[in-house]
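Notes follow the structure.
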Amino acid sequence: MKVRNVIPVQLARKKIFTIDEAEKVFDLDRESLRVILSRLEETGWVERLERGKYMVIPLSARKGEYTLNEFVVGSMLVEPYAVAYWSALHYHGLTEQVPFTVFIQTTARRRRLDVRVFGVQYKVVKIVEYKFFGVDDAWIDGSVIRVTDREKTIVDCLDHPEYCGGVVEVAKALKNEVFDYRLLAEYSQRINNSGVVRRLGYICGLYDIHIGLPEVDARNYLYLDPTMPHKGEADSSWRLKVNVDLSDLE
């Protein structure tokens, strides 16, 4: 078998391709195809992202010195997907904190949920089907990438504060930015987690934000921020243990 050392134009036009896509272009068996892809990687035409996924290196770039936007890379890790949590919070300009991990939300199963690609750490968060909504398309680095919208990002972060740096980051966003509060209230109930409604209701009440949320019909108390020490005063209106002070945020 003659091993080719130039990437075909059909793949060169892409930024990232899978081994299934390469198989259609080369029309070879998998074993022969892997030999070709290995040679293309050695000669600097492609870079392996992870098993079965490759990034095309432009002619003007050098192997080891070129990479894509981390959201573009993240979009190839799983399908369906959405850039979410702290990453979406930062993308929308709702936090000044730059997360060191890229958070990707999905409903699909994936063997590895934590992966490092080109020095960037990715966290894939699997959620149930009914929580996967509120996703918009964003044009990033020449590619269309799916990102949770502003209101869904807030709701997701209240659903999993551990993936956004804690409730304090959500509180800053709600205090300093204007949202579609009708949509925010709808999303908070649609996600089917009373903790989201309670946390959102408490924070909005703290900052005199008028949002229509149902009264809490529960006897148990949840923590305002489950990532913080489990102690604090009880708030009977929202059935929360207030374990973080949000009254005087910058």
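Among (1) under 18 Å from LEU184 (Cβ atoms); (2) without any contact (Cβ under 8 Å) to a residue 12 or more places away in the chain, where does VAL98 come up short?
Of (1) under 18 Å from LEU184 (Cβ atoms); (2) without any contact (Cβ under 8 Å) to a residue 12 or more places away in the chain, only one is false for VAL98: (1).
With the checklist (1) more than 24 Å from ARG48 (Cβ to Cβ); (2) assigned to a helix (DSSP H, G or I); (3) of a type in the set (A, V, I, L, M) in hand, flag the one item VAL147 doesn't pass.
VAL147 satisfies all of (1) more than 24 Å from ARG48 (Cβ to Cβ); (2) assigned to a helix (DSSP H, G or I); (3) of a type in the set (A, V, I, L, M) except (2).
Could you tell me whether ALA138 is hydrophobic (A, V, I, L, M, F, W, C) and surrounded by 14 or more Cβ atoms within 10 Å (Cβ to Cβ)?
Values: hydrophobic (A, V, I, L, M, F, W, C): yes; surrounded by 14 or more Cβ atoms within 10 Å (Cβ to Cβ): yes.
So ALA138 passes the test.
Yes or no: segment 198-219 includes at least one residue that is at pLDDT 95 or above, under 20 Å from the mean Cα position of the chain (by Cα) and surrounded by 15 or more Cβ atoms within 10 Å (Cβ to Cβ).
no
Taking segment 76-115 on its own, how many of its residues are β-branched (Val, Ile, Thr) and in a strand (DSSP E or B)? Lay out the reasoning, then the answer.
So in segment 76-115, the residues β-branched (Val, Ile, Thr) come out as 78, 83, 95, 98, 101-102, 104, 106-107, 115.
When the remaining residues are screened for being in a strand (DSSP E or B), the result is 83, 101-102, 104, 106, 115.
Residues meeting the conditions: 6.
So LYS175 ticks every box in (1) touching a residue at least 60 places away in the same chain (Cβ under 8 Å); (2) within 21 Å of the chain's Cα centre (by Cα) but one. Which box is left unticked?
Unmet condition: (2).
Return the only residue of LEU249, LEU240 being touching a helix residue (DSSP H, G or I) at 6+ places or on another chain (Cβ under 9 Å) and crowded, with 20+ Cβ neighbours inside 10 Å.
Details: LEU249 fails: crowded, with 20+ Cβ neighbours inside 10 Å.
Exactly one residue qualifies, and that residue is LEU240.
Based on what the data block shows, is GLU50 loosely packed, with under 15 Cβ neighbours inside 10 Å, closer than 15 Å to TYR122 by Cα and modelled with pLDDT under 85? Let's see the steps before the verdict.
Details: loosely packed, with under 15 Cβ neighbours inside 10 Å: yes; closer than 15 Å to TYR122 by Cα: yes; modelled with pLDDT under 85: yes.
Considered against the rule, which asks whether it is loosely packed, with under 15 Cβ neighbours inside 10 Å, closer than 15 Å to TYR122 by Cα and modelled with pLDDT under 85, GLU50 comes out as yes.
Please go through segment 101-135 and pick out each residue that is free of Cβ contacts under 8 Å to residues at least 40 places away in the same chain and buried (at least 21 other Cβ atoms within 10 Å of the Cβ).
If the condition is that a residue be free of Cβ contacts under 8 Å to residues at least 40 places away in the same chain and buried (at least 21 other Cβ atoms within 10 Å of the Cβ), then VAL102, ILE104 are the ones that fit.
State all residues of segment 220-238 that are in contact (Cβ under 8 Å) with a residue 24 or more places away in the chain and under 27 Å from the mean Cα position of the chain (by Cα); if no residue qualifies, say none. If you could, list the steps in order and put the result at the bottom.
Taking segment 220-238 as the starting set, the residues that turn out to be in contact (Cβ under 8 Å) with a residue 24 or more places away in the chain are 222, 224-228, 235, 237-238.
Selection gives LEU222, LEU224, ASP225, PRO226, THR227, MET228.
Mind telling me which of the residues LYS152, LYS123 ends up being in a helix (DSSP H, G or I) and touching a Phe, Trp or Tyr at 6+ places or on another chain (Cβ under 6 Å)? If you could, list the steps in order and put the result at the bottom.
On the way: LYS123 fails: in a helix (DSSP H, G or I).
The conditions single out LYS152.
The values are calculated or read from the model by the stated rules, or taken from the named source; none is laboratory data. Quick caveat, the model's predicted, so the values are computed rather than measured. All Cβ positions, glycine included, derive from the backbone under ideal geometry; neighbour counts span all protein chains shown.
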